[in-house]
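The values are calculated or read from the model by the stated rules, or taken from the named source; none is laboratory data. The structure presented is a predicted model; accordingly, all values stated were derived computationally and were not measured. Here Cβ is always computed from backbone atoms with ideal geometry, including for glycine, and neighbour counts include all displayed protein chains. Just the protein is used for accessible areas: all its heavy atoms, side chains included, with ligands, DNA and RNA removed. Shrake-Rupley method; radii C 1.70, N 1.55, O 1.52, S 1.80 Å.
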Amino acid sequence: MSPDSPPRSTDPLLDPARRPSPRAKTLWTVEIALTWLVLIAALVAWVVVDPDRRPWQVAAAVVVVPVAVLATIVVPRWRYRVHRWEVTDEAVYTRVGWLSLESRVAPISRVQTVDTERGPLERLLGLSTITVTTASSAGAVRIGLLDTSLADETVAQLTEIAARHRGDAT
């Protein structure tokens, strides 16, 4: 753990110490809004091509628009409160989700590769996602939406820690 890392949590599986970048909320908001805009555009197209079903169209709009606005506002903030991660000399801990929570622990001795991903929106917002591939049937552990500089530091830290654990990661 680096000197500027937050203090260790008492139970990292339940509450890893670190959060994604606050800009993760912006990314999640944009992604959710774009998804709902597709549905709203379909609703608008229905209104244009089928003027005989106005009561149904109004009913659909009364349901879709408030749910879209609520989801776009609430879900990113909720996810930000839940998503956590932590890297120690022993393991990588993550907790993700918003309706269903998933907590993962990947022992450092099982780490095989550490990769960094930056999609177009992530690059625009200065964010990166780290994928830690392990010798596990559960798949890779992802540490999502970190500031790019912190992601680079974390990859270097994981590489250094993994090099000290000279196992074969199997």
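Some notes on this structure:
- Peptides 16-23, 36-43 ranked from most to least packed by the mean count of surrounding Cβ atoms within 10 Å: 16-23, 36-43.
- Global geometry of the chain, whether rounded, prolate or oblate, following the gyration tensor of its Cα atoms and the 1.5 cut on a/c: prolate
- Length released on extending from R118 to A42, taking residue separation times 0.36 nm less the Cα-Cα span: 24.3 nm
- Amide proton proximity set for T116, modelled H, under 5 Å, gap of 5+: T131
- Residue-normalised accessible area of the chain, expressed per residue, 1.4 Å probe, Å²: 58
- Heavy-atom accessible surface of region 45-140: percent carbon and sulfur, 1.4 Å: 62
- Between V58, T88, S109, the Cα set farthest toward the positive side of the dipole of region 44-170 (charges on each charged residue's Cβ, about the Cα centre) is that of V58.
- The phi-based Karplus calculation (6.51 cos²θ - 1.76 cosθ + 1.60; θ = phi - 60°) puts the 3J(HN,Hα) values of region 78-90 at 5, 4, 4, 5, 8, 5, 9, 7, 6, 10, 10, 5, 9 Hz, whole numbers, x for Gly and Pro.
- For the peptides 77-86, 52-61, 134-143, the ranking by packing is 77-86, 134-143, 52-61, with the highest mean count of neighbouring Cβ atoms within 10 Å listed first.
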